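One structure is given here, and the rest of the page talks about it.
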Amino acid sequence: MLRDAGMNLFLAGTQSLSIVFLSRTTGLDAGSIGVLIALVGTGGAPGGAVASRRGSKADHG
């Protein structure tokens, strides 16, 4: 449980650094970069659904 909390903290810090890095290198404002990161993050939900569906089909042969 504590390890999971540490990983979540690490990932949140990584996102913060990526926003600063992208805003400095691309010149976009933080809001646009936040939307971009949110869109990338939502891609994991459909991907997880597809992966679990394919996994359950493989289990049933």
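Mean projected area of the convex hull spanned by the Cα atoms of the chain, taken over all viewing directions: 5.8 nm². Solvent-accessible area of the chain (1.4 angstrom probe, protein heavy atoms only): carbon and sulfur portion equals 68 percent. Protein heavy-atom accessible surface, 1.4 Å probe, per residue over the chain: 83 Å². Full extension of the chain between Arg24 and Leu36 gives 2.8 nm of extra length, using 0.36 nm per residue less the Cα-Cα distance.
The values are calculated or read from the model by the stated rules, or taken from the named source; none is laboratory data. Keep in mind that this is a model prediction, so the values were computed, not measured. Note: areas computed on protein heavy atoms with side chains; ligands, DNA, RNA excluded. Shrake-Rupley method; radii C 1.70, N 1.55, O 1.52, S 1.80 Å.
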